[in-house]
Amino acid sequence: GGLLGALIGTAIDKAAVSNGEERAAELRNQLVDYPFNQRMEAALREKLPSEGLSPQPQISVCNAPAATGTQFPSIGCSVAPATGVLVIVPRYAIDAKFENMVVQVNAHLIDRETKSNGKPKVRNRLTYTYHFNFPIDAVDGEKSEQTALRWAALGSAPLAMLLDTGVAQVTDMLAYDFSQFYTLNIRTTI
């Protein structure tokens, strides 16, 4: 406990992060040239136009900071106030034990208006999370470092194919859900 316990805890956390970064380095190197954002944008541009969503959605691509908790990110570009804005936040990751790679999309249907003081007011109408997991077969007694090496051993092309499959799956789920349940003209922000 006390200050010594906190210092030891911090050292352990720092060592765990450092070990995780070392394990992830080769895997990260395999995916450094993978154009995730471009693939996600292309899939969304193809699948979002529909009678259930909008035959001609207005799509804006913005660089937004990562979402935290249940909050959705602020939009990193100039977008006018609107009702029924679909904010889509994509990402891909691998868990700390290197047992699962996931492609995920957080979709937030929001209403935006400008308050009298000029600041934006955002009301979140609903939030959905879509994810597609790729587990790697567990091997008894295998450590995380060895599992990470098995992922990296797949190579760049197979890893890119997995991510492409994940992009296709999560965008299919999103387009299906929204085209089935909502018949409003949505302005979409990615």
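The values are calculated or read from the model by the stated rules, or taken from the named source; none is laboratory data. This structure is a prediction, so every number in the text was calculated from the model and none was measured. All Cβ positions, even for glycine, are placed from backbone atoms using ideal geometry, and neighbour counts span all protein chains on display. Ligands, DNA and RNA are excluded from the accessible area calculation, which covers all protein heavy atoms including side chains. Shrake-Rupley method; radii C 1.70, N 1.55, O 1.52, S 1.80 Å.
Test Tyr92 against the stated conditions and say whether it is within 16 Å of the chain's Cα centre (by Cα), part of a loop (DSSP other than H, G, I, E, B) and modelled with pLDDT of 80 or more. No.
Return the residues of region 146-165 that are closer than 22 Å to Pro90 by Cα, touching a residue at least 12 places away in the same chain (Cβ under 8 Å) and loosely packed, with under 15 Cβ neighbours inside 10 Å; say none if nothing qualifies.
Within region 146-165, Ser156, Thr165 qualify.
You will find that of Pro65, Pro135, the residue that is within 21 Å of Arg28 (Cβ to Cβ), modelled with pLDDT of 85 or more and surrounded by fewer than 12 Cβ atoms within 10 Å (Cβ to Cβ) is Pro135 and no other. In region 1-55, the qualifying residues are those that are outside any helix (DSSP H, G or I) and modelled with pLDDT of 80 or more, and the one that is farthest from the chain's Cα centre (by Cα) is Pro49. Write out, first by first residue and then by second, each pair whose Cβ atoms fall under 6 Å of each other, whose residues are 6+ apart or on separate chains, and whose first residue, in region 36-55, is among the hydroxyl-bearing types (Ser, Thr, Tyr) while the second is in a helix (DSSP H, G or I) and crowded, with 16+ Cβ neighbours inside 10 Å. Close Cβ pairs satisfying both conditions: Ser50/Ser179. Within this structure, Asp172 passes the test of being within 30 Å of Glu51 (Cβ to Cβ) and modelled with pLDDT of 90 or more. Consider region 100-122 and keep the residues that are within 28 Å of Val167 (Cβ to Cβ) and touching a Pro at 6+ places or on another chain (Cβ under 6 Å). The one that is most open to solvent (accessible area, probe 1.4 Å) is Asn100.
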